[in-house]
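The values are calculated or read from the model by the stated rules, or taken from the named source; none is laboratory data. As the structure is a computational prediction, the values presented were derived from the model and not from experiment. We place every Cβ from the backbone using ideal geometry, glycine too, and count neighbours over all the protein chains shown.
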Amino acid sequence: MEELLDILNDINPDVDYETEDRLIDGKVYDSFSIITLISAISEAFDVELGPEHLIPENFNSAKAMWAMIQRIREDE
C-alpha cells in the first residue's frame with residue numbers, strides 16, 4: 001500500500017489519501033491523472049487493468065485501488 005500511496009502523491013500531493021473517498025466522483029482527478037495512474041499501477045504492481053476494472057468505484061480512494069490490485073493479483 002505504501003508504494004500505491006507514493007504513486008498517488010506523485011500525481012497529486014495535495015490530497016489526503018487516508019481519508020479521501022471521492023477521487024473520481026469528486027473530480028479530484030482529471031482524465032490525464034487517471035491515465036497516468038492506470039499506467040503507474042500497471043507498471044509498479046505488474047498487473048493488467050482490463051476494461052472491467054476501469055470503473056469509478058475502483059479509483060475513488062486509495063483503499064479501493066489497493067483492493068482492486070489485490071483482486072487482480074489473486075485472479076492472475
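Structure notes:
- Filter result for residue 46 (modelled with pLDDT of 95 or more and on the phi > 0 side of the Ramachandran plot): yes
- Checked against (1) modelled with pLDDT under 95; (2) among the small types (Gly, Ala, Ser); (3) crowded, with 16+ Cβ neighbours inside 10 Å, residue 31 meets all criteria but (3).
- Residue check for residue 18: farther than 19 Å from residue 76 by Cα, among the charged types (D, E, K, R) and modelled with pLDDT under 95: yes
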